Amino acid sequence: MNFRFIENARFEDFARPLFDILFDNMSSVTPFESSRETEFQAWRDAVGEGMKSPKRHIVLIESNNEAIGFFQYYTNNEVFCMEEIQIKPEHRSGEAFRALYGFVLERLPKRIRRVVAFADKRNEKSISVLKHLGLEICGKINENLYRLEGSFKALRNWFYKDEIMTANEIFQKVLERANCIRTETCDGLIFGDESKTVNKVGVCFKLTVDVIRKAVEKSVDMIITHEPSFGAWDNIEGVFGYDIKKLELLKQSGITVYRYHDHCHDSTPDYIHEGFIRTVGLNIEKSYERDWLGISKYDLKEPITARELGLLIKEKLSLDAVRTVGNIDFPVKSIYLGLGSVGVKHVDFLREPGGDLFISGEIFEVCDLEYIRDACALGENKAVLLLGHYGAEYAGMRYFAEELNESLIETVYLDSGEVFGVLK
Ligand SMILES: [Fe+2]
Ligand SMILES: [Fe+2]
């Protein structure tokens with residue numbers, strides 16, 4: 001038995017034998033209402049139309065060069081939708097299904113989180129197989145057709161049930177989500193044993209002492225952190241002062257730590273931006289190509305003032321304070337997200353036509369922010385919102401943790417909280 005993708009443009013060449021397999025299989029479960037020919041025309045037209053989308057695929061299953069089945073599916077952002085799996089009865093077996101899933105799972109986009117399938121309510125066998133794969137009935141498409149949904153992690157766990165991943169294997173799978181693997185990067189193993197087996201991952205914005213304690217409490221084996229872990233950044237040999245005790249705490253925990261910064265921003269979309277946009281509930285009309293790692297421009301569907309947007313962000317991210325620079329009371333349509341820390345080179349993007357508002361975590365005040373204040377004094381309508389480094393990035397890492405939990409392995413988000421307190 002072997003598998004291969006049908007070229008979407010050549011669907012017509014395969015339509016007849018595939019439909020015959022479908023028709024014969026259905027005849028014994030939920031027969032079609034019309035004749036084979038009438039049903040074939042309708043099916044060919046509908047699936048042929050669907051195959052115009054590059055997101056839809058059909059895997060042809062062959063034995064001795066003869067078509068014996070097919071798997072039709074599409075992917076859309078986080079969703080893997082299994083539209084049809086048909087195999088001739090004499091070729092069905094647990095092994096055949098596992099081999100088919102093995103072929104498909106390896107070739108799916110890396111950010112799939114949810115699995116969707118449909119089954120006729122009279123087809124109890126199909127429903128039972130889908131439930132075995134971790135899907136549950138969650139609604140009806142019509143009187144006879146159920147919609148089932150599950151997490152991709154459950155499907156993956158079913159397939160890889162004997163697989164135990166090491167910390168390094170998990171991190172390599174995380175890196176694969178980026179647009180490319182960088183040779184020069186701050187990302188990688190920071191501390192601990194990369195070959196240890198992992199049952200639970202902890203994800204954080206910053207590996208604080210409290211985060212280490214929380215990780216121990218939650219029996220986490222591996223931590224993925226966005227920011228550097230010590231005053232000496234990630235240079236374990238150079239750890240000094242108070243951090244010597246922190247390193248000791250980490251050693252006692254036995255937890256393996258990885259830094260995940262560049263590749264996190266270098267995914268499509270940038271995890272940090274995506275988590276921020278979702279949490280704030282920004283309505284984005286257009287996303288622009290990235291200007292710089294971690295900095296992108298967006299057009300909003302509806303203009304909003306920087307004051308209104310700042311208050312919305314403060315509420316949605318539960319921040320104690322949002323600081324503002326420049327003129328915050330004119331409506332803005334285009335915003336730059338430079339979440340994290342940026343410099344004057346980056347806030348200077350505001351000079352681009354339509355650049356109105358820059359949102360960041362922290363920016364050097366005495367040069368870079370004063371530059372924007374001066375611009376406003378010279379008649380420009382420009383604004384900056386400062387959320388604090390944590391405030392700007394934590395929602396992105398929380399979003400990444402949710403995704404990892406649903407797509408790969410049990411994962412918890414470990415919140416470090418803001419480094420600042422605010423006097424009120
Ligand atoms: Fe970042
Ligand atoms: Fe950052």
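Points worth noting:
- The chain, helix-only ellipticity at 222 nm - DSSP H runs n ≥ 4, -39,500 (n - 2.57), divided by all residues, nearest 500: -10000 deg cm²/dmol
- By the compact-protein rule of thumb, 2.2 N^0.38 Å, the alpha-carbon radius of gyration of the stretch 281-387 corresponds to a ratio of 0.97.
- Relative contact order of the stretch 2-159, pairs being alpha-carbon contacts under 8 Å that are 6 or more residues apart, as %: 19 percent
- Simple spin-label estimate for ARG122 and PHE97 in nanometres, 7 Å along Cα-Cβ: 2.2 nm
- Debye log10 I(q)/I(0) at q = 0.14, 0.17 Å⁻¹ for the stretch 1-114, Cα point scatterers: -0.59, -0.87
- Residue-span extension gain [LYS52 to ASN77] - 0.36 nm each, minus C-alpha spacing: 7.2 nm
- Range of Cα positions in the stretch 185-238 per principal axis (Å), largest first: 28, 25, 18
- For the stretch 1-73 and the stretch 352-424, distance of Cα centres in Å: 49 Å
- For peptides 251-261, 125-135, sequence by mean Cβ density within 10 Å, most packed first: 251-261, 125-135
- Charge sum, other residues only, whose C-beta stays under 11 Å from PHE40's C-beta, Lys/Arg counted +1 and Asp/Glu -1: -1
- Rounded to 0.05, the FRET efficiency of the ASN235 and HIS132 pair, given R0 = 56 Å and the Cβ-Cβ distance, is 0.70.
- Sorting CYS81, CYS186, CYS180, CYS204 by the number of Cβ atoms found within 10 Å of their own Cβ, with the fewest placed first, yields CYS180, CYS186, CYS81, CYS204.
- Compared with the alpha-carbon gap, the fully stretched path from ALA154 to GLU90 is longer by 20.2 nm at 0.36 nm per residue.
- Charged neighbours of GLU78, selected by a Cβ distance under 11 Å, balance to 0 (K, R count +1; D, E count -1).
- Projected area, mean over directions - the chain, Cα convex hull, nm²: 25.5 nm²
- In this simple spin-label approximation, ASN142 and ASP45 carry label points 7 Å from Cα along the Cα→Cβ vector, and these lie 1.4 nm apart.
- Within the shell defined by Cβ-Cβ distances under 14 Å, the residues around ASN327 carry a net charge of -2, with Lys and Arg each +1 and Asp and Glu each -1.
- Summary of the geometry: the stretch 106-171 and the stretch 208-232, compared by the centres of their Cα atoms, lie 32 Å apart.
Every number here is computed from the coordinates shown, using simple stated rules; none is lab data. Being a predicted model, the structure only gives us computed values, none of them experimental. Neighbour counts run over all protein chains shown; Cβ positions are idealised from the backbone, glycine included.
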